[in-house]
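The values are calculated or read from the model by the stated rules, or taken from the named source; none is laboratory data. Bear in mind that the values here come from a model prediction, so they are computed numbers and not experimental data. Backbone-built Cβ (ideal geometry, glycine too); neighbour counts: all protein chains shown. Calculation scope for accessible area: heavy atoms of the full protein, side chains included, ligands and nucleic acids excluded. Shrake-Rupley method; radii C 1.70, N 1.55, O 1.52, S 1.80 Å.
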Amino acid sequence: MNNVMIINGQKAVVSYDPEIEMFRGEFIGLSGGADFYASDVAGLKSEGETSLRVYLDMCKEKGIEPYKSYSGKFNVRIASALHAVAAVAAAAQGKSLNEWVADAIEDHAGHMA
């Protein structure tokens, strides 16, 4: 997927900050913040490795769980008309709305797992 870099098995979202003319990476799935900057891809990977190592070392020293836990539950706020369309689409496929949404997420983001 575009804008995702994997560093030592950990996913980071990458963006470009035009104000400082550098790339920024931010690790996703950590219990705290760990970001990194560089002007090119090789530098970004190197800085990401350093940032992740420092973050994990700090968590170990302080006895903090470094990885975020996901419950499998979240609320989604959408327009009522879109909610109605989704409910009809789910029913037409013989699925609950929850199953239908989970399938849609799997179809669009499942390759990120």
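Below are the figures for this structure:
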| read-out | value |
| --- | --- |
| Cβ-Cβ under 6 Å pairs, at least 6 apart or on other chains, the stretch 71-93 side within 16 Å of residue 105 (Cα to Cα), far side of a type outside the set (Phe, Trp, Tyr) and modelled with pLDDT under 95 | none |
| Long-range neighbours under 9 Å by Cβ, at least six apart or interchain, first residue under 21 Å from residue 110 (Cα atoms) within the stretch 1-26, second assigned to a strand (DSSP E or B) and polar (S, T, N, Q) | 3/15; 26/15 |
| Single residue of the stretch 29-53 satisfying the filter (open to solvent by 80 Å² or more (accessible area, probe 1.4 Å) and out of contact with any helix residue (DSSP H, G or I) (no Cβ under 8 Å at 6 or more places or on another chain)) that is nearest to residue 66 (Cα to Cα) | 53 |
| Residue in the stretch 102-113 that is free of Cβ contacts under 8 Å to residues at least 12 places away in the same chain and either among the basic types (Lys, Arg) or assigned to a loop (DSSP other than H, G, I, E, B) (or both) present | yes |
| Filtered residues of the stretch 33-44 (kept if among the small types (Gly, Ala, Ser) and modelled with pLDDT of 95 or more) | 38, 39, 42, 43 |
| Hits in the stretch 45-82 (condition: modelled with pLDDT of 95 or more and on the phi > 0 side of the Ramachandran plot) | 63 |
| Any hit, the stretch 65-72, residues being open to solvent by 70 Å² or more (accessible area, probe 1.4 Å) and in a strand (DSSP E or B) | yes |
